[in-house]
Amino acid sequence: MPLITDEVAPHVRNALSGLETPVTLKFHPQPGSPASEAMEQLLDELTAFSDKLVVEKEASLPAPMPPEEAEDLESSITEFWVDGKPTGIRYLGFPGGHEFGPFLEAMVAVSKHSAPKISEATRQWIEALDKPLHLEVFVTPT
Amino acid sequence: MRLAQEIARANPGRVTADMVDAESFMRFSERVGVFSVPLTLINGVEQVVGAVPEPQLMQKIRSAMQ
């Protein structure tokens, strides 16, 4: 059964029509995780909507990024890459429910290289960072 | 989530913004004490509950990085 239903498909097609630079979704599966299986299926379906979307299936999970520990990585991790470089955006698990729209919007934003929608002061402060910053937003995909 | 991603886009070499599906990463969620979502964890040391505006999130980020 497809995850992207006939009802949703036009919205997905419309959203992804905004892609400019190709986006690579690096998918790190977690065998045995239902959300990982669902994410793999979703990514496969999405590639049918745009030739500017490429899915690369990796052999294993990436190393945990602190404060994550290896045992924490219970499901898949999907990274957004553009121009051969990471964008800093990752999805741990499945972007269901209210998270699906922002998932597509994020792809288009990195693809268009549009200016980040943050204040100038924040942009300057963030650009000047000389240490890693790891933001993890916990959500429930209902 | 969007705000975190916009911050990452400003410096992808230093910033990582993760959406964490709390139901699929239950051990991690419990370990860091996620009782309400959305919850933003900053470098594992600061937490922000709810969707907050940029100034409030940046205040927490600066605090976490001191």
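Read-outs throughout are calculated quantities, based only on the coordinates presented, and are distinct from any laboratory measurement. Since the model is a prediction, treat every value here as computed from it, not as a measurement. Every residue, glycine among them, receives a Cβ derived from its backbone with ideal geometry; neighbour counts consider all protein chains shown.
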**Request:** Calculate one ³J(HN,Hα) per residue across the stretch A:38-48 by plugging θ = phi - 60° into the Karplus curve 6.51 cos²θ - 1.76 cosθ + 1.60, and present them in order as whole Hz with x for glycine and proline.
**Result:** 5, 5, 4, 5, 4, 5, 4, 5, 5, 5, 6
**Prompt:** When the Kirkwood hydrodynamic radius is evaluated over all pairs of different C-alpha atoms of the protein assembly as shown, what value in angstrom, to one decimal, is obtained?
**Reply:** 17.2
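For n ≥ 4 DSSP H runs only, could you compute -39500 (n - 2.57) per run for chain A, divide by its residues and tell me the 222 nm figure to the nearest 500? Before the final figure, lay out each step's value.
Numbers: 4 runs with 42 residues, N = 142.
It lands at -9000 deg cm²/dmol.
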**Asked** Where the centre of each part is set by its Cα atoms, how far does the stretch B:41-66 sit from the stretch A:49-86, in angstrom?
**Response** 24
**Request:** Would you mind telling me which residue in A:A63, A:A48, A:A121 has the biggest mean-square fluctuation in a Gaussian network model of chain A, where springs connect alpha carbons within a distance under 10 angstrom?
**Result:** A:A121
**Message:** With θ taken as phi - 60° and the coefficients 6.51, -1.76 and 1.60, list the Karplus ³J(HN,Hα) couplings across the stretch A:100-117 in order, rounded to whole Hz; mark glycine and proline as x.
**Reply:** 5, x, x, 4, 5, 4, 5, 4, 5, 4, 6, 5, 7, 6, 6, 5, x, 8
**Request:** Kindly give the semi-axes, whole Å and largest first, of the ellipsoid equivalent to chain B, taking each as the square root of 5 times a Cα gyration tensor eigenvalue.
**Result:** 19, 13, 12
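Please label the shape of the stretch A:1-86 as rounded, prolate or oblate, based on the square roots a ≥ b ≥ c of the eigenvalues of the alpha-carbon gyration tensor (a/c under 1.5 means rounded; beyond that, a/b larger than b/c means prolate, else oblate).
Cα axes put the stretch A:1-86 in the oblate bin.
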**Message:** Order these by the 10 Å Cβ neighbour count, fewest first: A:M39, B:M65.
**Reply:** B:M65, A:M39
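Just the number: Rg to Rh for the stretch A:56-142, Cα atoms, Kirkwood Rh, two decimals. Intermediate results must be reported in sequence, preceding the final value.
Numbers: Rg = 14.5 Å, Rh = 15.0 Å.
That ratio equals 0.96.
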**Item:** Distance-filtered residues of the stretch B:8-43 - backbone nitrogen under 19 Å, label point 7 angstrom along A:E120 Cα→Cβ
**Value:** B:10-11
**Fill in**
Residue by residue through the stretch B:49-66, the couplings from Karplus 6.51 cos²θ - 1.76 cosθ + 1.60 with θ = phi - 60°, in Hz, x for Gly and Pro, are 9, x, 8, 10, x, 3, x, 5, 5, 5, 4, 5, 5, 4, 5, 5, 9, 6
